[in-house]
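Notes to accompany the following structure.
The values are calculated or read from the model by the stated rules, or taken from the named source; none is laboratory data. The shown structure was predicted, so the numbers you read here are calculated from the model rather than taken from an experiment. Reconstructed Cβ throughout: ideal geometry from the backbone, glycine too, with neighbour counts over all protein chains shown. To get the accessible areas, we keep the full protein, side chains included, count just its heavy atoms, and leave off ligands, DNA and RNA. Shrake-Rupley method; radii C 1.70, N 1.55, O 1.52, S 1.80 Å.
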Amino acid sequence: RVGIIGKNGAGKSTLLKILSRITAPTEGSVKIKGRVASLLEVGTGFHGELTGRENIYLNGAILGMKRREVARKMDEIIAFSEIEHHIDTPVKRYSSGMYVRLAFAVAAHLESEILIADEVLAVGDAAFQKKALGKMNDLATGEGRTVLFVSHNMNQVKNLCSKGLVLEKGRVVRQDDNINDSINWYLGIGDGETILTRGWKNDGSFNDPLFIPQNIRFLNTKGEEFTQYIPYNEDFKIKLDFYIEQVQTNIDFAFHVFSNSDKILTIDMPNDYQFKKGLNTVEYLVSAKTFLP
């Protein structure tokens with residue numbers, strides 16, 4: 001189970017297209033042992049005018065399977081996709097989510113030795129994402145298939161993959177037998193950069209008599225301040241020191257977390273603190289599970 005990660009434009013999708021024989025390499029060669037089932041852009045390999053059922057047979061034929069082999073898997077594929085009521089509808093009328101459900105079910109159940117998946121689960125709903133990741137894990141560990149998985153969701157990559165490959169500008173810049181090493185390097189831990197800043201200190205520019213923040217610190221669960229980075233898969237604490245010149249009873253705290261895809265996660269701190277005039281401190285534990293998809 002190999003996770004292929006990198007920034008947009010790094011060459012991840014192009015690599016998978018070459019491995020899937022959709023795109024020919026400019027130079028060099030690819031050697032593959034076994035049949036390849038690919039999940040690339042939504043709808044790749046489907047014919048819009050054919051029904052879902054007919055496309056299952058089409059995909060089986062592309063993989064070199066006989067019609068009776070596909071028929072034997074048909075009920076299992078349809079049940080997994082959960083689109084039984086639309087299986088005899090032309091796929092051009094499918095939503096993107098229905099496309100993904102059927103495409104994944106076909107690729108996962110037809111007999112191939114290698115499964116290639118490129119960011120396809122980003123379209124599906126959360127329940128199906130979890131189901132699909134579980135299926136890919138079963139295919140790799142139970143049936144011995146090779147899985148090549150591309151995603152910008154590091155939690156999905158970490159949960160599914162065992163090995164890692166980092167691409168940058170079309171080149172392999174890192175390869176690890178432990179996916180955590182690849183993810184940490186990609187996120188900036190490995191080269192000394194920080195995921196989160198080491199904190200914030202008021203330089204005097206924020207000065208309101210009702211609320212004067214002094215500093216914000218990030219601590220591990222032992223209460224020790226981070227000096228370099230906060231691991232993406234560990235719980236951590238946010239500690240805020242502030243002054244108030246008048247006793248306040250209605251101060252609310254919240255913070256926003258911005259992802260690299262510009263999604264915003266808002267977390268409200270519980271409003272159960274008793275504040276006094278002068279220096280006050282609030283501390284909030286953030287669970288790593290908060291950031292799971």
Just the Kirkwood number for region 38-157, please: inverse of mean 1/r across all distinct Cα pairs, in Å, one decimal.
14.3
Which pairs, out of 169/239; 73/169; 237/276; 222/277; 130/239; 7/131, put more than 30 Å between their alpha-carbon atoms?
169/239; 73/169; 130/239
Applying the Karplus parametrisation 6.51 cos²θ - 1.76 cosθ + 1.60 with θ = phi - 60° to the phi angles of region 14-23, what ³J(HN,Hα) value in whole Hz is obtained for each residue in order, glycine and proline being reported as x?
4, 4, 5, 5, 5, 5, 8, 6, 8, 10
How far apart, in nm, are the 7 Å Cα→Cβ label points at residue 239 and residue 277?
2.7
Does anyone have the angle between helix 96-109 and the longest principal axis of the chain? Alpha-carbon axes, 0 to 90°, nearest 10?
60
So in the chain, what percent of DSSP beta bridges are antiparallel if you round to the nearest 5?
65
Counting only residues 5 or more places away or on other chains, whose amide H sits under 5 Å from the amide H of residue 39 once H atoms are built in the peptide plane?
116, 117, 118
Per-residue accessible area for residue 26 at 1.4 Å probe radius, Å² rounded to 10?
140
If you average the sequence gap of Cα pairs under 8 Å that are 6 or more apart and divide by the length of region 44-94, what percent do you get for the contact order?
56
With viscosity set to 1.306 mPa s at 10 °C, what whole-number translational diffusion coefficient in µm²/s follows for region 1-65 from Stokes-Einstein and a Kirkwood radius over Cα pairs?
115
Counting only protein heavy atoms and a 1.4 Å probe, tell me what percentage of region 1-157's accessible area is made up of carbon and sulfur.
49
If you scale each eigenvalue of the Cα gyration tensor by 5 and take the root, what three semi-axes come out for the chain, rounded to whole angstrom and sorted largest first?
48, 23, 15
Taking amide H positions as placed 1.01 Å from N in the peptide plane, with prolines and chain starts having none, which residues 5 or more places from residue 269, or on another chain, fall under 5 Å of its amide H?
253, 254, 255
For region 150-191, the Kirkwood Rh over every pair of distinct alpha carbons, in Å, works out to 10.3
Using the heavy atoms of the protein chains alone and a 1.4 angstrom probe, what is the accessible area of the chain per residue in square angstrom?
57
In terms of Cα to Cα distance under 14 Å, which aspartates and glutamates are near enough to residue 12, apart from those fewer than 8 places away along the same chain?
41, 118, 119, 168
Using θ = phi - 60° and Karplus 6.51 cos²θ - 1.76 cosθ + 1.60, couplings along region 140-150 (whole Hz; Gly, Pro as x):
6, 7, x, 9, x, 7, 8, 10, 10, 10, 10
Angle check, please: helix 67-81 long axis (alpha carbons) against the longest principal axis of the chain (alpha carbons), in degrees 0 to 90, nearest 10.
20
Applying a 10 Å radius around every beta-carbon, put 160-173, 1-14 in order of their mean neighbour count, most first.
1-14, 160-173
